[in-house]
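The values are calculated or read from the model by the stated rules, or taken from the named source; none is laboratory data. Keep in mind it's a predicted model, so treat the numbers as computed, not measured. Methodologically, a virtual Cβ is constructed for each residue, glycine included, from the backbone with ideal geometry; neighbour enumeration extends over all protein chains shown.
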Amino acid sequence: MSIAELARPPIRAAKHGEKSPASIIFLFAMWAALAFAVLCLAVLLVDAFVDGATRLDSNLFTRYSSQVLPERAGARAAILGSAWVIATTALMAIPLGVAAGVYLEEFADKKSRLNRLIEINISNLAAVPAIVYGMLTAGFALAVGLERRVVLSGAIALALLILPVIIIATRESLRAVPDEIRQGSLALGATQLQTVWRQSLPAAIPGIATGSILALSRALGEAAPLLLLGGLVVVTYDPDGLMSGYTTLPIQIYNWASQPQEAFHSVASAAIIVMLALLLVMNALAVIIRNRYQNRW
């Protein structure tokens, strides 16, 4: 090291940064915006709990919707319809999303332009508004002669909605598996398919399960694509198959909240509480799976 380099003063951090006035103002504005958003959410939740607490009774779970007697209206058909649609969505989206994620991460040529184009499009599709998937499903149903107001059509729209999210979650979970595990398996004579099936994929299952549950939680709260498909707002029967008419909790809440009678607003608030409870259960399950089964490499 030369004498000039030894005489050079040490590098110091710049005086600007988090302590500069601009940074302090930006930080204050960011926290103020966050606090305002949380306050608005808290007010809405408290209002929903206050209005809906009186309607959290057996009628809400055992009776069907009514346009005449809001005091006796229930969400039985909406709860069962949501269960049918979400279960069908999971059966269609999770296997396809996991398979696509495994292929893109483990088998696809990373240097191929086609594969890179597919990866970019998947990332873009994850941010597409939900109603676009409803329009796409409506066009598909018209092309193949499928009735739009049935469970299968709604499940297709929601499966398309969450498919990019599941693919991305699968790829990120596979990337978290150390490459030494793959190399060790291949060194012992296993094929690439055997390595993925017996080593990489089992190690990535906690992350895949977490991402899939969170994606299904998003699908549970969607109403726009189902309304575009002509989802029914008043159903007085239980869905009994993929070709059955249906309604879901978001659609039923939308219908009740748009009514002028205050009694409908109360039952809508009660349905909101039920849907929030379901979402909290699903998110808590995702957190439990992640914390209990995720490997620390």
Gln294 passes all but one of the listed conditions (1) under 21 Å from Gly97 (Cα atoms); (2) surrounded by fewer than 16 Cβ atoms within 10 Å (Cβ to Cβ); the exception is number (2)
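A quick yes/no check of all residues on (1) of a type in the set (Phe, Trp, Tyr); (2) over 20 Å from Leu60 (Cα atoms); (3) in contact with a Phe, Trp or Tyr (Cβ under 6 Å, 6 or more places away or on another chain):
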position: Pro225; (1), (2), (3): no, yes, yes
position: Ser244; (1), (2), (3): no, yes, no
position: Thr248; (1), (2), (3): no, no, no
position: Ile251; (1), (2), (3): no, no, no
position: Tyr254; (1), (2), (3): yes, no, no
position: Ile273; (1), (2), (3): no, no, no
position: Ala277; (1), (2), (3): no, no, no
position: Asn283; (1), (2), (3): no, yes, no
position: Arg292; (1), (2), (3): no, yes, no
Any residue in the range 45-52 that is touching a residue at least 12 places away in the same chain (Cβ under 8 Å), closer than 23 Å to Gly211 by Cα and among the charged types (D, E, K, R)? no
Only one residue in Ala169, Ala141, Ala159, Ala155 is closer than 18 Å to Ala204 by Cβ, surrounded by 20 or more Cβ atoms within 10 Å (Cβ to Cβ), touching a Ser or Thr at 6+ places or on another chain (Cβ under 9 Å) and of a type in the set (A, V, I, L, M, F, W, C). Which one? Ala169
Where a residue in the range 194-223 is within 19 Å of Ala284 (Cα to Cα) and its partner, wherever it lies, is aromatic (Phe, Trp, Tyr) and not in a loop (DSSP other than H, G, I, E, B), with Cβ under 9 Å and at least six apart: Ile205/Tyr293; Pro206/Tyr293; Ala209/Tyr293
If a residue must be crowded, with 19+ Cβ neighbours inside 10 Å, not aliphatic (A, V, I, L, M) and not in a loop (DSSP other than H, G, I, E, B), how many such residues does the range 204-240 contain? 7
Among helices (runs of 4 or more DSSP H) completely within the range 1-93, the ones holding 3 or more residues that are at pLDDT 85 or above and more than 13 Å from Ala271 (Cα to Cα) are 21-52
Only residues that are surrounded by 20 or more Cβ atoms within 10 Å (Cβ to Cβ), among the hydrophobic types (A, V, I, L, M, F, W, C) and closer than 30 Å to Thr236 by Cα: list them for the range 81-118, please. Trp84, Val85, Ile86, Ala90, Ala93
Looking for whichever is of a type outside the set (Val, Ile, Thr) and closer than 16 Å to Pro95 by Cα here; the options are Leu229, Leu201. Which one fits? Leu201
Restricting attention to the range 187-197, which residues are surrounded by 12 or more Cβ atoms within 10 Å (Cβ to Cβ) and closer than 16 Å to Glu105 by Cβ? Gln192, Thr195, Val196, Trp197
